[in-house]
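The values are calculated or read from the model by the stated rules, or taken from the named source; none is laboratory data. Please read these numbers as outputs of a predicted model, since none were measured by experiment. Every residue, glycine as well, gets a Cβ built from its backbone with ideal geometry; the counts of neighbours run over all protein chains shown. Surface areas here come from the heavy atoms of the whole protein model, side chains and all, with no ligands, DNA or RNA. Shrake-Rupley method; radii C 1.70, N 1.55, O 1.52, S 1.80 Å.
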Amino acid sequence: DSGVTQTPKHLITATGQRVTLRCSPRSGDLSVYWYQQSLDQGLQFLIQYYNGEERAKGNILERFSAQQFPDLHSELNLSSLELGDSALYFCASSATPGGAGDTQYFGPGTRLTVL
Amino acid sequence: GDSVTQMEGPVTLSEEAFLTINCTYTATGYPSLFWYVQYPGEGLQLLLKATKADDKGSNKGFEATYRKETTSFHLEKGSVQVSDSAVYFCARSGRTGANNLFFGTGTRLTVIP
């Protein structure tokens with residue numbers, strides 16, 4: 001158990017809908033990262049927050065957004081969903097905002113299926 | 001840009017065989033290098049890491065050495081077990097000041113008794 005929790009574990013929805021994925025980092029970690037794992041794109045970094053502020057942005061679509069709250073949990077919002085958004089979404093956390101060697105701990109993931 | 005190239009799978013080995021999974025990275029800056037493992041139905045777990053050239057990461061019998069001259073971080077294990085069956089991901093850190101990881105495509109390992 002990494003200490004990172006994600007809810008829900010599974011999510012099934014229809015095209016055009018909007019969903020929210022939730023992540024709670026390990027106790028004491030201030031950074032939260034979101035990754036998408038899909039069959040065609042592999043594991044891709046989406047976005048990072050550190051202590052409530054956006055820190056780095058990767059291949060995140062404009063239809064997707066995220067935020068980190070004062071209690072440090074994070075939410076990833078996916079809107080106008082398309083079939084191609086079906087994937088496993090991972091959250092990870094680390095202690096620092098960035099730096100060589102800092103370890104990211106991954107949650108179990110949320111599997112999103114868009115029908 | 002930052003990228004990682006990983007040996008394509010799947011790899012099938014008999015128990016107690018020697019394992020090598022190749023990984024090379026683009027030499028932008030001085031990244032940290034990682035191997036993560038994903039067991040069936042689970043999230044990613046850090047297996048080992050190395051933060052500078054010539055460092056050797058090791059855990060659970062797995063080893064990988066940070067080779068700057070060949071920009072490689074190959075994963076090795078001398079004697080695999082059935083319980084090692086999983087998907088293995090090589091990763092590098094991003095630019096200085098950011099901590100996002102760039103992952104390889106993953107290599108599925110199946111160990112048969």
Filter pass, B:LYS60 being surrounded by fewer than 16 Cβ atoms within 10 Å (Cβ to Cβ), of a type in the set (Lys, Arg), within 11 Å of chain A (Cβ to nearest Cβ) and without any contact (Cβ under 8 Å) to a residue 60 or more places away in the chain: no
Within the range B:95-107, does at least one residue satisfy the condition of being part of a loop (DSSP other than H, G, I, E, B), at pLDDT 95 or above and open to solvent by less than 70 Å² (accessible area, probe 1.4 Å)? no
Could you figure out which of (1) over 11 Å from A:TRP34 (Cα atoms); (2) open to solvent by less than 30 Å² (accessible area, probe 1.4 Å); (3) touching a Ser or Thr at 6+ places or on another chain (Cβ under 6 Å) isn't true of A:LEU78? (3)
Within the range A:60-84, count every residue that is in a strand (DSSP E or B), hydrophobic (A, V, I, L, M, F, W, C) and away from every other protein chain (no Cβ under 14 Å). 3
Inside the range A:25-54, the number of residues satisfying the requirement of being touching a residue at least 60 places away in the same chain (Cβ under 8 Å) and open to solvent by 30 Å² or more (accessible area, probe 1.4 Å) is 4
Is one or more of the residues making up the range B:23-43 part of a strand (DSSP E or B), open to solvent by 20 Å² or more (accessible area, probe 1.4 Å) and more than 14 Å from chain A (Cβ to nearest Cβ)? yes
Which members of the range A:1-54 meet the condition of being hydrophobic (A, V, I, L, M, F, W, C) and part of a strand (DSSP E or B)? A:LEU11, A:ILE12, A:VAL19, A:LEU21, A:CYS23, A:VAL32, A:TRP34, A:LEU43, A:PHE45, A:LEU46, A:ILE47
In this structure, is A:ALA87 surrounded by 13 or more Cβ atoms within 10 Å (Cβ to Cβ) and within 13 Å of chain B (Cβ to nearest Cβ)? no
